[in-house]
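Asks: Here it is, the structure, as structure tokens.
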Amino acid sequence: MISQFFVLSQRGDNIVFRDYRGEVSKGSAEIFFRKVKFWKEDGEEEAPPVFNVDSVNYFHVKVAGLLFVATTRGNVSPSLVLELLQRIARVIKDYLGVLNEDSLRKNFVLVYELLDEVIDFGYVQTTSTEVLKSYVFNEPIMVDAARLPSLGAAAIFMQGTKKMPGTAVTKSVVANEPGGRKREEIFVDIIEKISVTFSSSGYILTSEIDGTIQMKSYLTGNPEIRLALNEDLSIGRGGRSIYDYTSSAGGGSVMLDDCNFHESVHLDSFDIDRTLNLVPPDGEFTVMNYRMTQEFRPPFRINALIEEAGPLKAEVILKIRADFSSTITANTVFVQMPVPAYTTRVSFELEPGAVGNTTDFKEANKRLEWGLKKIVGGSEHTLRAKLTFSQESHANITREAGPVSMTFTIPMYNASRLQVRYLQIAKKSKTYNPYRWVRYVTQANSYVARI
Amino acid sequence: MAPPAQSQRSQSPSQPSGKGEVSDLKVQLRQLAGSRAPGTDDSKRELFKKVISYMTVGIDVSSLFSEMVMCSATSDIVLKKMCYLYVGNYAKGNPDLALLTINFLQKDCRDEDPMIRGLALRSLCSLRVENLVEYLVGPLGSGLQDHNSYVRMVAAIGVLKLYHISSSSCIDADFPSALKALMLNDPDAQVVANCLSALQEIWSLEASTSEEASREREALLSKPVIYYFLNRIKDFSEWAQCLVLDLVGKYVPSDSSEIFDIMNLLEDRLQHANGAVVLATIKVFLHLTLSMTDVHQQVYERIKAPLLTLVSSGSQELSYAVLSHLHLLVMRAPILFSSDYKHFYCQYNEPSYVKKLKLEMLTAVANESNTYEIVTELCEYVANIDVSIARESIHAVGKIALQQYDVNAIVDRLLQFLEMEKDYVTAETLVLVKDLLRKYPQWSHDCIAVVGNISSKNVQEPKAKAALIWMLGEYSLDMSDAPYILESLVENWEDEHSAEVRLHLLTAVLKCFLRRPPETQKALGAALAAGLADSHQDVHDRALFYYRLLQYNVSVAERVVNPPKQAVSVFADTQSSEIKDRIFDEFNSLSVLYQKVLSL
């Protein structure tokens, strides 16, 4: 059971503070914040999500730059408390549309209302946005979403895809559109995070895709939904039978290592035709999480080279090749590479005609940084950097530099080829035809090339 | 409306201030208290919001108690809720004023709107004032029988609140048996779950003094009750499912067919997107099969994939909680995870507390077939910018070397670390080479050749310096300049701050002297003199001891300081297996994250 729940701003101010059991002193928020801010234990730079100070256990998750914290004296299940904190953040976001310090401060009374119903005397009552609707009476005060830096998974759709109504995903589940009518729509997002490690010879050492299908429903009356995935989707390494195995070896099929599903998903026909049946609850939720270690084509190839170029000098050549269709554009690409600690100066040389590139040498942590606003599929980009050293390097210079790491976002692309074949909404009438948005996006989780 | 605490932003929340604002609020609330003018509720809302926002940032607004209560006569539910929140916060410190609220709360408990009844009952039970409990019993009793499930839900937890304020009134009113009846009969799953939560807490606390309570607590684990919960597990919310699973985890089935029934019933809970449900289910599986070795092992195989999915799908925080549990399982049965080692590779952007767990897992699962790849991977981390991870990685390589038979290649890698010429890498490696030599004396030749090249000036960390000095003493016959290096170290005795290093230096010089007397005599004399004058008691005592030993009989000294050594076969584990078992018993709790036994 939980003793207290509070939300702190980045500066450590209490935005909401709810004491459920009166077992932990009111000064806990301050104790917590000090501990997190000045964390230094066992050489660790960052406080772990759970720690104990004077026999009080502190749990925290970071969401949208805010700290969601719970305290307890009991030996509780850590995954339960951490899931709960995450879920509370999501419920609040469902109500406020946008979750950030500003929206939370403007709506703190509403948030107290929610907190009263979510937890009673430390025990979870409900985290269902839908159930909570009947208990919550405050109207959310909207903050201007456009002005704010976008946060959260859905925010990545805001750039680059003109078709998407940008404000839709930041709409509260309870607020009405101007004119009093609610727009009937549903969003299905397939978000994949990919991790790849390339060896120094360009060979793939490890690769994994962690995907999630997220749904956000604004449909009234909660109609039933059918979500059909690839017919040849197989789950579990090696397949369930020999036949599965041979069909997957054919190359076309998608093979997941494992997956899990939201409470509301019925899997009755999943084994037969790979469709998910569900009655989507209000608000945002994860329909399915999946994990895949089957080989896939990495979207980017990285080629990195560091060579000595005379005394106290070296040259770095970084090459990025976009290995996907030219109809697709990756954005917010960012490449970093640590260089030898005795590097004092770096001069960069971009290809002639390069646009939207930024380069930087971060002196403090001895790192090259290369940002590219956009990369069109099929293209190749090169950066040359000349390094100047303060001392002669006697060791092998490649051991002193790298690895190269890369972050990016590629809208309307997914590396696993998992697809939503169709999204069927049970019809209430002939004219009922809600908007459906099925969107794909791929992001780098850990994309690393060793040199 | 001013957003809460905007004006206080720069201040620390712990510093109450704003006295002026509070008295302003008092005046304004007074004006509104009796007013029936249109728009009054809106103005009240604004004022109440201000009060709550002050309360949130830690300003003491308890002086407004009577005004708040006066303003609470309203049908506006938002206002009511704010008022309840306020009252709940300050009643404990102002028991006399709290009495003022009893009247309107009791009235609200009889309201025709179930929402109001529920809210009022919840607030009434949250006052935490002992001399008001007499007003609680009546509304709680009718709350438990309310036809609306929301009110019953609130009442069930309300009983627990009452118990914490005054256990005797709760027991005297016979509420526990009312809860038990409700738990076994109520159609609403959340009411049932709340009854279970409340009863578990009450009976656990009562059990020490009342035999009946401890019998009742046992009865919760009886077959009919467990099956009653299991059969309707899907009616419960995901959180209540965790509660039920926790209960089932304590149940002892009568035979193995029962065990399989329960596992089959709960099998699909392993596919739940909520990690808390999955971990609670895993605990049930692990505990049920503890005595069935084969099935227990199958359970490990079965839960591997869901655990790995949770590690990679949720937020970073949740991933850490799950990974800690996976870590526990890997440490218990490393063989079962030896082919999954790639999942434990570190990613560059992971926080160091995650990397540390992964390094330990990699070390544990290393066996003959995967060692090469694991060690290669670990060597990559040694160049990591994060110094503590680089150190841990070296440590991991060393540990793998200590647990393997074929250490040939690993020793080579360790020796390569020494050539990297990074101080912390050298330091960490030296300590490991020393341990390796204690286990594999046959490697001394290769190691000494490399260690001999290290300048003692580049080694500053006490542990590493002590390791180097130990090797100089132990292998003084193999290192031609050992006496001279030791001599120069003795010359700098005064600058050596670590007593540990000085102790090692004394021993090493003596060892060296016994093997190469003419070359070391001078250093020994200097070391003993410095040791005798040392302000550290242990150093002084050891020097004196050596001095007298040498005076008495050199060959005895030889036997004491340089006895023939046996290779160490196994280094003592830091954690006893008993503690590990007890942590395992507390699977899905903080004990696993802290790696300490917490419960009694």
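Asks: So which residues of region B:189-204 lose at least 10 Å² of accessible area, probe 1.4 Å, when you go from the chain by itself to every protein chain present?
Replies: B:GLN190, B:ASN194, B:SER197, B:GLU201
Asks: Taking the Cα-to-Cβ direction at B:GLU368 and at A:ILE204 and moving 7 Å from each Cα, how far apart do the two end points lie in nm?
Replies: Going by the 7 Å Cα→Cβ label model, 3.2 nm.
Asks: Kindly write out, for region A:2-10 in residue order, the coupling ³J(HN,Hα) from the Karplus curve 6.51 cos²θ - 1.76 cosθ + 1.60 (θ = phi - 60°), rounded to whole Hz, with x marking Gly and Pro.
Replies: Each residue of region A:2-10 in turn: 9, 8, 9, 10, 8, 10, 10, 7, 4 Hz.
Asks: Provide, in order from the shortest bin, the percent of all Cα-Cα pairs of region A:1-128 in each 5 Å bin, continuing until the bin that contains the maximum pair distance.
Replies: Calculated P(r), rounded to whole percents: 2, 11, 23, 25, 21, 12, 4, 1, 0.
Asks: Measuring from centroid to centroid over Cα atoms, what is the spacing of region B:106-144 and region B:253-321 in Å?
Replies: 41 Å
Asks: With the cut-off at 1.5 for a/c, could you classify region B:318-410 from its C-alpha gyration tensor as rounded, prolate or oblate?
Replies: Working: a/c = 1.98, a/b = 1.12, b/c = 1.76.
Because a/c hits 1.5 or more and a/b fails to exceed b/c, region B:318-410 counts as oblate.
Asks: Among the listed pairs A:LYS133/B:LYS161; B:LYS161/B:LYS356; A:LYS37/A:LYS313; B:LYS511/B:LYS596; A:LYS171/A:LYS374, which are separated by more than 32 Å between their Cα atoms?
Replies: Values: A:LYS133/B:LYS161 26 Å; B:LYS161/B:LYS356 42 Å; A:LYS37/A:LYS313 40 Å; B:LYS511/B:LYS596 41 Å; A:LYS171/A:LYS374 28 Å.
From the list (A:LYS133/B:LYS161; B:LYS161/B:LYS356; A:LYS37/A:LYS313; B:LYS511/B:LYS596; A:LYS171/A:LYS374), the Cα-Cα distance tops 32 Å for B:LYS161/B:LYS356; A:LYS37/A:LYS313; B:LYS511/B:LYS596.
Asks: First select every other residue whose beta carbon is under 12 angstrom from the beta carbon of B:MET263; then total the charges, Lys and Arg +1, Asp and Glu -1.
Replies: Details: positive: B:ARG269, B:ARG302; negative: B:GLU258, B:ASP261, B:GLU267, B:ASP268.
Value of the local net charge: -2.
Asks: For B:MET70, B:MET115, what's the largest-to-smallest order of accessible area, 1.4 Å probe? Intermediate values should be presented prior to the final figure.
Replies: Working: B:MET70 95, B:MET115 25 Å².
Putting B:MET70, B:MET115 in descending order of accessible area: B:MET70, B:MET115.
Asks: Once you have all Cα-Cα distances for region A:300-411, histogram them in 5 Å bins from zero and send the whole-percent values.
Replies: Whole-percent P(r) values from 0 Å outward: 2, 11, 24, 23, 16, 11, 7, 4, 1, 0.
Asks: Continuing with the same structure: State the dimensionless ratio Rg/Rh of region B:90-226 (Rg: radius of gyration of Cα atoms; Rh: Kirkwood radius). Display every interim value, and only then the final one.
Replies: Working: Rg = 15.0 Å, Rh = 15.2 Å.
My calculation puts Rg/Rh at 0.99.
Asks: Report the label-to-label distance for A:THR407 and B:ASP172 in nanometres (one decimal), using points 7 Å from each Cα along the Cα→Cβ vector.
Replies: Result: 6.2 nm between the two label points.
Asks: Also, quick follow-up: Ranked by accessible surface with a 1.4 Å probe, highest first, in what order do B:PHE417, A:PHE38 come?
Replies: Working: B:PHE417 5, A:PHE38 145 Å².
Listed by decreasing accessible area, they come as A:PHE38, B:PHE417.
Asks: Report the net charge of residues surrounding A:ASN230, where surrounding means a beta-carbon distance below 9 angstrom and charges are Lys +1, Arg +1, Asp -1, Glu -1.
Replies: Details: positive: A:ARG274, A:ARG417, A:ARG421; negative: A:GLU231, A:ASP232.
So the environment of A:ASN230 carries a net charge of +1.
Asks: Hey, with R₀ at 35 Å, roughly what FRET efficiency would B:ILE77 and A:VAL438 work out to, going by the Cβ-Cβ distance, to 0.05?
Replies: Numbers: r = 40 Å, r/R0 = 1.13.
That gives a FRET efficiency of 0.30.
Asks: Net charge near A:VAL188: determine it from the other residues with C-beta under 9 Å of the C-beta of A:VAL188, scoring Lys and Arg +1 and Asp and Glu -1. Don't skip to the end; give the middle numbers.
Replies: Values: positive: A:LYS216, A:ARG436, A:ARG439; negative: A:ASP189.
Summing Lys/Arg as +1 and Asp/Glu as -1 gives +2.
Asks: At a Förster distance of 51 Å, what's the computed FRET efficiency of B:SER488 paired with A:TRP39, Cβ-Cβ distance as r, to 0.05?
Replies: Result of the calculation: an efficiency of 0.80.
Asks: Next question. Run through every distinct alpha carbon pair of chain A and return the Kirkwood hydrodynamic radius in angstroms, one decimal place.
Replies: About 24.9 Å for chain A.
Asks: For B:ARG302 and B:TYR228, calculate 0.36 nm times their separation in residues minus their Cα-Cα distance, and state this gained length in nm to one decimal. Don't skip to the end; give the middle numbers.
Replies: Details: separation 74, 0.36 × 74 = 26.64 nm, distance 2.63 nm.
Contour length minus the Cα-Cα distance gives 24.0 nm.
Asks: Then there's this: What residues have an amide H closer than 5 Å to that of A:VAL63, excluding those fewer than 5 places away on the same chain, when H is modeled at 1.01 Å from N in the peptide plane?
Replies: Hits under the 5 Å cutoff: A:PHE68.
Asks: Quick one: pull the percent of accessible area on the protein assembly as shown belonging to carbon and sulfur, 1.4 Å probe, ligands and nucleic acids left out. Don't skip to the end; give the middle numbers.
Replies: Working: 22630 of 44860 Å².
Carbon and sulfur together cover 50 percent of it.
Asks: If you don't mind, there's one more thing I want to ask. What's the buried accessible area, both sides, between B and A using a 1.4 Å probe, rounded to 100 Å²? Intermediate values should be presented prior to the final figure.
Replies: Numbers: alone 29830 and 22490 Å², together 44860 Å².
Roughly 7500 Å².
Asks: Quantify how strongly other chains surround peptide A:101-110 by giving the mean number of their Cβ atoms within 10 Å of each of its Cβ atoms.
Replies: Values: counts 1, 1, 1, 2, 8, 5, 2, 7, 11, 1.
Per residue, the number of nearby Cβ atoms from other chains is 4 on average.
Asks: Another one. Starting from the exponent 0.38 and prefactor 2.2 Å, build the expected Rg for the protein assembly as shown from its residue count and divide its actual Cα Rg by it.
Replies: 1.07
Asks: Only helical DSSP H runs with n ≥ 4 go in: add -39500 (n - 2.57) per run for the protein assembly as shown, normalise by residue count and round the 222 nm mean residue ellipticity to 500 deg cm²/dmol.
Replies: Numbers: 40 runs with 476 residues, N = 1051.
Taken over the protein assembly as shown, the calculation gives -14000 deg cm²/dmol.
Asks: Out of every Cα pair in region B:455-561, what percent are spaced more than 15 Å from each other? Before the final figure, lay out the partial values.
Replies: Details: 3260 of 5671 pairs.
So the portion of pairs separated by more than 15 Å is 57 percent.
Asks: Ok, one more. With a Förster radius of 30 Å, plug the Cβ-Cβ distance of B:SER149 and A:ILE31 into 1/(1 + (r/R0)^6) and report the FRET value to the nearest 0.05. Could you put the intermediate results ahead of the total?
Replies: Numbers: r = 39 Å, r/R0 = 1.29.
My answer for the efficiency is 0.20.
Asks: Taking 7 Å along the Cα-to-C-beta vector as the label spot, tell me the B:ASP41-A:GLU185 distance in nanometres, rounded to one decimal.
Replies: With each label placed 7 Å out from Cα toward Cβ, I get 3.3 nm.
Asks: Another question about this same structure. Provide a whole-number value for the mean count of partner chain Cβ atoms within 10 Å of the Cβ atoms in peptide A:191-197.
Replies: Details: counts 0, 0, 2, 0, 4, 0, 6.
Partner Cβ neighbours, averaged per residue: 2.
Asks: Taking θ = phi - 60°, what integer Hz values does the Karplus form 6.51 cos²θ - 1.76 cosθ + 1.60 yield along region A:289-301, in sequence order, with x for Gly and Pro?
Replies: Here the 3J(HN,Hα) series is 10, 9, 9, 9, 10, 4, 4, 9, 8, x, x, 10, 9 Hz.
Asks: Moving on to the next point. Quick one: grab Rg to one decimal and Dmax as a whole number for region B:354-470, Cα atoms only, in Å.
Replies: Both quantities, over Cα of region B:354-470: 13.3, 40 Å.
Asks: Provide the per-residue ³J(HN,Hα) series for region A:431-436, in order, calculated from phi with Karplus coefficients 6.51, -1.76, 1.60 and θ = phi - 60°, each as a whole number of Hz, with x at glycine and proline positions.
Replies: The phi angles translate into 8, 6, 9, x, 6, 10 Hz.
Asks: A further question follows. Give the dimensionless ratio obtained when the Cα radius of gyration of chain B is divided by 2.2 N^0.38 Å.
Replies: Values: Rg = 34.6 Å, N = 600, 2.2 N^0.38 = 25.0 Å.
Rounded to two decimals, the normalised Rg is 1.38.
Asks: Please sort B:533-541, B:131-139 by packing, taking for each peptide the average over its residues of neighbouring beta carbons within 10 angstrom, highest first. Could you put the intermediate results ahead of the total?
Replies: Working: B:533-541: 14.1, B:131-139: 17.3.
Top to bottom by mean Cβ count within 10 Å: B:131-139, B:533-541.
The values are calculated or read from the model by the stated rules, or taken from the named source; none is laboratory data. Since this is a predicted model, take the numbers as computed values, not measurements. Glycine also receives a Cβ, built like all others from the backbone with ideal geometry; neighbour counts cover every protein chain displayed. Quick note on the areas: whole protein, heavy atoms, side chains included, nothing else; ligands and nucleic acids left out. Shrake-Rupley method; radii C 1.70, N 1.55, O 1.52, S 1.80 Å.
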